[in-house]
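Report on the structure given below.
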Amino acid sequence: METLGASDPRIDRPGSVAEALAVQERLRPLVDLAGSGPAEPATVAGLDVAYAESGDRLAAAVTVLDARTLAVVDSAVSVGRPAFGYVPGLFAFRELPALLDALDRLTVLPELLVCDGHGLAHPRRFGLACHLGVVTGLPAIGVGKTPLLGEWTPPAQRRGAWTPLCDGDETVGRVLRTRDGVKPVFVSVGHRMSLDDATARVLALTPRYRLPETTRTADRLCRDALAAAEATARAT
DNA sequence: GCGACAG
DNA sequence: ATCTTGTCGC
């Protein structure tokens, strides 16, 4: 259950901030902004990671939901170590190896990835959702709980209301109210998905709570997996 | 120069 | 992210 070492041909494992920035610059042009993904995917995956307080271990989880019923139809976890320090803007390098390993363990290939973090709403327009999308080739969207950058005004209190998230002249995402009167989330395009479709998808995934069912199920799974790994480590 | 800064 | 108590509400 351990994350494989530093040998995943799909990704780079930068050893410095400068190297990580170079990787983002190189991959950024590969993001598909045409929205070539299915407007109504049959399956949607949620991805999330939990960290041990010691900071030396993490658990990544992916849950695949039936897009219509929101029932979990598959899931997988991967326990490993953070692959990079936490640096705002380089966040993806920290979780990518473990998330890809978890994706590899799935039986059902999801048609859309819903990431816990941003996509284009990123200083170099290449947040975790873009990175995961490009590396896997799957449509992806980013849903952040707090903004990384951008100017915005609060959307109306009603579920479904939204305002643009802007970085200078560019609209990099949307501030979306997923529940009446509850703090909004920050939606941005990751890969092969339009902002309109991404918004519709997030609303379809939030019939009851602020956060998408995808991230909620993945969050519970990675927390449980981490707790189990910690318990095993303690007993060994 | 001084903050802000996804998880 | 994680650490943390109680508290308000359905």
What pairs can you find where one residue is in segment A:102-131 and touching a residue at least 40 places away in the same chain (Cβ under 8 Å) and at positive phi, the other is within 8 Å of DNA strand B (Cβ to nearest atom) and open to solvent by less than 20 Å² (accessible area, probe 1.4 Å), and their Cβ atoms are less than 9 Å apart, with a gap of 6+ or different chains? A:125/A:119
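Does any residue of segment A:54-73 turn out to be of a type in the set (Lys, Arg), touching a strand residue (DSSP E or B) at 6+ places or on another chain (Cβ under 8 Å) and within 16 Å of DNA strand B (Cβ to nearest atom)? Step through it out loud before you land on a result.
As a first pass, look at segment A:54-73 and keep what is of a type in the set (Lys, Arg): A:57, A:68.
With touching a strand residue (DSSP E or B) at 6+ places or on another chain (Cβ under 8 Å) added as a condition, the list becomes A:57.
In the following step, the residues that additionally are within 16 Å of DNA strand B (Cβ to nearest atom) were identified as A:57.
Within segment A:54-73, one or more residues are of a type in the set (Lys, Arg), touching a strand residue (DSSP E or B) at 6+ places or on another chain (Cβ under 8 Å) and within 16 Å of DNA strand B (Cβ to nearest atom).
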Across (1) open to solvent by 20 Å² or more (accessible area, probe 1.4 Å); (2) in contact with a Phe, Trp or Tyr (Cβ under 6 Å, 6 or more places away or on another chain); (3) in a loop (DSSP other than H, G, I, E, B), residue A:153 clears everything bar (2)
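Criterion first (open to solvent by less than 40 Å² (accessible area, probe 1.4 Å), at pLDDT 95 or above and either within 23 Å of residue A:211 (Cα to Cα) or part of a strand (DSSP E or B) (or both)) does residue A:20 satisfy it?
Values: open to solvent by less than 40 Å² (accessible area, probe 1.4 Å): yes; at pLDDT 95 or above: yes; either within 23 Å of residue A:211 (Cα to Cα) or part of a strand (DSSP E or B) (or both): no.
It is false that residue A:20 is open to solvent by less than 40 Å² (accessible area, probe 1.4 Å), at pLDDT 95 or above and either within 23 Å of residue A:211 (Cα to Cα) or part of a strand (DSSP E or B) (or both).
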Within segment A:63-90, how many residues turn out to be assigned to a loop (DSSP other than H, G, I, E, B) and farther than 20 Å from residue A:216 by Cα? 10
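Rundown of residues vs (1) at pLDDT below 95; (2) within 15 Å of DNA strand C (Cβ to nearest atom); (3) out of contact with any strand residue (DSSP E or B) (no Cβ under 6 Å at 6 or more places or on another chain); (4) more than 19 Å from residue A:69 (Cα to Cα), yes/no style:
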position: A:190; (1), (2), (3), (4): no, no, no, yes
position: A:205; (1), (2), (3), (4): no, no, yes, no
position: A:223; (1), (2), (3), (4): no, yes, no, yes
position: A:228; (1), (2), (3), (4): no, yes, yes, yes
position: A:231; (1), (2), (3), (4): yes, yes, yes, yes
position: A:234; (1), (2), (3), (4): yes, yes, yes, yes
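Within 16 Å of DNA strand C (Cβ to nearest atom) and closer than 21 Å to residue A:91 by Cα: which single residue out of A:117, A:150, A:133 fits that description?
Working: A:150 fails: within 16 Å of DNA strand C (Cβ to nearest atom); A:133 fails: within 16 Å of DNA strand C (Cβ to nearest atom).
Only one candidate qualifies: A:117.
Can you list the strands (runs of 3 or more DSSP E) found entirely within segment A:160-236 that contain at least 2 residues being open to solvent by 20 Å² or more (accessible area, probe 1.4 Å) and touching a Pro at 6+ places or on another chain (Cβ under 9 Å)? So that I can check it myself, show each step before the final result.
Working: elements: A:162-167, A:170-176, A:185-191.
Here the list reads A:162-167, A:170-176.
Just need a number here: residues in segment A:65-101 that are among the hydroxyl-bearing types (Ser, Thr, Tyr) and either within 14 Å of DNA strand C (Cβ to nearest atom) or on the phi > 0 side of the Ramachandran plot (or both).
Selection size over segment A:65-101: 1.
The values are calculated or read from the model by the stated rules, or taken from the named source; none is laboratory data. Just so it is clear, the structure is predicted and the values come from calculations on it, not from any experiment. Methodologically, a virtual Cβ is constructed for each residue, glycine included, from the backbone with ideal geometry; neighbour enumeration extends over all protein chains shown. Ligands, DNA and RNA are excluded from the accessible area calculation, which covers all protein heavy atoms including side chains. Shrake-Rupley method; radii C 1.70, N 1.55, O 1.52, S 1.80 Å.
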